[in-house]
Amino acid sequence: MNAEKFSVSFCVILWRVIVSISSAASDRRVFTTNRTMVYNNVMKDQTKVISSLPDVMGGAPVFVGTRVPVQTLLDYIEAGETIDDFLNGFPTVQREQVIAFLEQAKDRMVELAK
C-alpha cells in the first residue's frame with residue numbers, strides 16, 4: 001500500500017472512530033484523555049479535547065474552546081500538511097489539544113483492533 005492510500009485510509013478510519021466515540025458519549029459529548037503527565041499545562045486531571053454542541057458549528061465535533069472542526073485537522077493530515085501548518089492556520093487550537101486528540105484516536109484504534 002502506498003503512502004497516499006495509507007494516509008487516506010487512516011483518516012477515514014480515524015473519522016469513523018471519532019464518530020463512533022461521539023455517538024457513545026454523554027449528552028455534552030466531551031471527550032477526555034487521562035494523559036496528565038504530558039498535557040498538564042492544558043488542565044490538571046483531564047484534558048477536554050473535542051466537544052460537539054448543537055449551537056456550535058451545527059453540532060460538528062470541534063476542538064474545545066474553538067469553532068475549529070476536527071475534520072479540518074484530518075483534512076490537513078490527509079493533504080500531507082503538518083501539525084504546525086494546521087496550528088498556523090488555526091491559532092485558537094493548542095498543540096496539546098491536537099496531540100491529545102491524536103493520542104486518544106490512536107488508543108481507540110488499538111482498542112478496536114483487540
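Return yes when V42 is at pLDDT 95 or above, assigned to a loop (DSSP other than H, G, I, E, B) and surrounded by 13 or more Cβ atoms within 10 Å (Cβ to Cβ) and no when it is not.
No: the conditions fail for V42.
Given the structure, is K106 surrounded by fewer than 18 Cβ atoms within 10 Å (Cβ to Cβ), modelled with pLDDT under 90 and of a type outside the set (F, W, Y)?
no
Test of understanding: among V17, V93, which residue is at pLDDT 50 or above, surrounded by 12 or more Cβ atoms within 10 Å (Cβ to Cβ) and out of contact with any strand residue (DSSP E or B) (no Cβ under 9 Å at 6 or more places or on another chain)?
The match here is V17.
The values are calculated or read from the model by the stated rules, or taken from the named source; none is laboratory data. Since this is a predicted model, take the numbers as computed values, not measurements. Don't worry about glycine lacking a Cβ; one is built from the backbone with ideal geometry, like all the others, and counts go over all protein chains shown.
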